[in-house]
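Q: For reference, the structure I am asking about is given below.
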Amino acid sequence: MSANPRRWWALVVLAMAQFMVIMDTSIIGVALPDMQRELGFTPEGLQWVFNAYVVAFGGLLLLGGRLSDLFGARKIFSTGWLILIAGSVVAAAATTAWVEVLGRGIQGVGGALIAPAAMTLLMMLFGHNPRELGKAMSLYGAAAPAGGTAGVFLGGVITEYLSWPWVFIVYIPIGVITLLAVPALLPATRRGSGSVDLLGGLSATAGITLVVYAIVAESWIAALGGAALLALFLLVQRTAKSPIMPLGIWRTPGLAPANLAMALLGAAWIPMWYFLNLYLQQTLHLGQFASGAALLPMTVAIMIFMVGITAKLLARLGAKPLIAGGLLVLAAGVAWLSLAGPGGSFAADVLPASLVAAVGMSLAYIPAMMSAMSGVRPEEAGLASGIVNTTYNVGSALGLAVMTALAAGGTSPFVGAAVVALGGAVLAGVTLTGKKQAAEIL
C-alpha cells in the first residue's frame, strides 16, 4: 500500500485532536474557583466538573473504539467533534451547577469517540512504515500530557482576561476548523462487521460512575451497585455475540500490564496537577494567569522529553525500564511537592518538584501506550486504543476521588499520589516482560 502523501498534515489534525481532548480535562482547573462561586458548587461537588468529563470519556472509550471499528474511524472522529462542540455550548451557557456537569458529560461523550478513532486513523496512515509509525506515535503521544498541562496555562489566560465560559467556547471554532479539514486530510475507512453492544457500553459507564461516586460520597450502596454493574459488563462481554470488548484481546502480550501502568499513571498525575493548581491559587495566592503560567514549564519539559528523548530511549532500552523508572521519578517529584507548606514558594517548592514529576510522566506515558498497542491486530486498533485510554482516564477519576477524600481527612493528596506512583513503578517492574516489545517499531 502506498503512503498517503498528506499523512503528516493529517497527523497534525490527529495530534491536535488528542491535545484538545486531553486539554479538556485540565483547562477548567484555574477556572474552578470562579465556577464554584458563580454556579454554587459545594467543595465536594466541584470535582464533578472534572469527573463528569473524565467518567463519560473513560467509561465510553471502549464503545467509541468499537464504533470506530464498525462504522469507520473517520465518520466516528467527525461525529465525536460534533458532540464535543454541542457539549461545549451547554457548558459555556450553564447558569447552574447541574447544567455545567451535564455539559461536561456531553463533552466527555464526544471525546470518547474522538480519541480511539484518531488512534485508528494514525495506524492506517503510518502502519506501513515502522520507523514513521514510531515518530508519529511519539508526536501523537506527546500531545496528550502536553495538552493536560498546557490546559492549565491556557485556562489561566482565558479566565484572567475573559471569563470562565470561554474555556469551553474556545472548542467551538477549533472543532469547526477540524471538521472542515477532515475530508481533505483523513483517509476514508470501511465499515466493519458486527453490531453495537449498547448494554456493555452502558453498564461499563454506569459502573465506573457509581464507583467514583462511592469514593466521593463514602457510600457502600453506590460501591456495591458499581461493582454489580461492572460484573454485568464482564458477563455481557463473555456472552454477547458482538461484545464491546472481546475478552480474548487480553491475551495480547503486554496489554494487561501496560494498561495497569497507565491506570496508576493517571491516578497519580491528574490528582497532582489538580491539587497543585489549588495550592498555587489558594495557598500561594497567585492570580489566575500566574497560576497557569506557573505550570507552563511542565508542558515545555514534557514536549522536550517525549519528542526528543523518550523515543530514543525506548528504542535502546525497551518499555519496561522506562515505564517503571518513569513512575519512580514521578513518585519522587510528587513526594517533593508534598513538602510544600503554607509558607512555600513557587521557585523553591513548586518549580523543581513539578519538573521532576513532568520528566517522570514523559518517560512512562509513551512506552506504556505503545506497549499496550504493539501486539494488537490492525482490526482491533480502535478497541485497544479505547482500552488504554479508558484505563488512564478511569485511573485519573478514581485517583482524584481518593485524593480528594484524603485531603478532606487531613492527609496530603500529594503523599497519596506519590504512593500510587511508587506502587505503579513496583508493579511495572514485576509484571512487564524484559523484552523490547514496544521498541520494535522505533
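Q: Treat the count of other C-beta atoms within 10 Å as a stand-in for reagent exposure and order ILE106, ILE28 from fewest to most.
A: By the 10 Å Cβ count, ascending: ILE106, ILE28.
Q: With all pairs of different alpha carbon atoms counted, what Kirkwood hydrodynamic radius in Å does segment 272-323 show?
A: Taking the inverse mean of 1/r over all distinct Cα pairs, segment 272-323 comes out at 12.9 Å.
Q: Give the share of C-alpha pairs in each 10 angstrom bin for the chain, from 0 to the last occupied bin, in whole percents, shortest bins first.
A: Per 10 Å bin, starting at zero, the Cα-Cα P(r) for the chain comes out as 5, 23, 35, 27, 9, 1, 0 percent.
Q: Using alpha-carbon pairs under 8 Å, 6+ residues apart, how would you state the relative contact order of the chain in percent?
A: For the chain, the relative contact order is 24 percent.
Q: I would also like to ask the following. Could you tell me how many cubic angstrom of Cα convex hull volume segment 116-157 has per residue?
A: Numbers: hull volume 2.9 nm³, N = 42.
Looking at segment 116-157, the number lands at 68 Å³ per residue.
Q: Tell me, what is a quarter of the convex hull surface for the C-alpha atoms of segment 277-372, in nm² with one decimal? Don't skip to the end; give the middle numbers.
A: Details: hull surface 24.8 nm².
Hull-based average projected area comes out at 6.2 nm².
Q: Can I ask one more? So for the pair VAL157, ARG316, with labels modelled 7 Å out along Cα→Cβ, what separation do we get in nm?
A: 3.5
Q: Return the ratio Rg/(2.2 N^0.38 Å) for segment 200-243, where Rg is computed over Cα atoms only.
A: Here the Cα radius of gyration is 1.20 times the empirical estimate.
Q: Additional query: Given labels modelled 7 Å from the Cα in the Cβ direction, how far is it in nm from ARG6 to ALA217?
A: Placing both labels 7 Å along Cα→Cβ, they lie 4.9 nm apart.
Q: How do LYS320, LYS135, LYS241, LYS312 rank when sorted from fewest to most other Cβ atoms within 10 Å of their own Cβ?
A: The most exposed by this proxy come first: LYS241, LYS312, LYS135, LYS320.
Q: What percent do you get for the relative contact order of segment 200-243 when only Cα pairs under 8 Å and 6+ apart count?
A: Working: 42 pairs, mean separation 19.0, N = 44.
This gives 43 percent for segment 200-243.
Q: For segment 203-275, build the convex hull from the C-alpha positions and give me its volume per residue in Å³.
A: Given the Cα convex hull of segment 203-275, per-residue volume reads 99 Å³.
Q: Could you tally up the Lys pairs in the chain with alpha carbons closer than 21 Å? Skip any pair fewer than 8 positions apart unless they're on separate chains.
A: 9
Q: Would you tally the net charge around THR310, using a Cβ to Cβ cut-off of less than 13 Å, leaving THR310 out, and scoring K and R as +1, D and E as -1?
A: +3
Q: Additional query: Quote the relative contact order of segment 1-160 in percent (integer), defining contacts as alpha-carbon pairs under 8 Å separated by 6+ residues.
A: Result for segment 1-160 is 40 percent.
Q: Order of TRP273, TRP250, TRP8 from fewest to most other C-beta atoms within 10 Å?
A: So the residues, fewest neighbours to most, are TRP250, TRP8, TRP273.
Q: Of LEU102, GLY148, SER78, which is farthest towards the positive pole of the chain's charge dipole, taken about the Cα centre with +1 and -1 on the beta-carbons of Lys, Arg and Asp, Glu respectively?
A: Going by the Cα projections, it comes out as SER78.
Q: In vacuum, with every alpha carbon of segment 299-442 counted as one equal point scatterer, what does the Debye formula give for log10 I(q)/I(0) at q = 0.14, 0.15, 0.20 Å⁻¹? Two decimals, please.
A: Listed by q, the Debye log ratios stand at -0.72, -0.81, -1.26.
Q: Place a +1 charge on the Cβ of each Lys and Arg in the chain and a -1 charge on the Cβ of each Asp and Glu, then give the dipole magnitude about the Cα centre in debye, rounded to the nearest 20. Write out the running numbers ahead of the final one.
A: Details: 20 positive and 14 negative charges, 308 e Å.
Value, rounded to 20: 1480 debye.
Q: Can I ask one more? Work out, in µm²/s and without decimals, the Stokes-Einstein translational diffusion coefficient of segment 118-259 at 37 °C, 0.692 mPa s, Rh from Kirkwood over C-alpha pairs.
A: 169
Values in this text are rule-based calculations from the coordinates and carry no lab data. Since the structure is predicted, the reported quantities are computational estimates derived from the model, not experimental observations. Cβ atoms come from the backbone with ideal geometry, glycine included; neighbour counts cover every protein chain shown.
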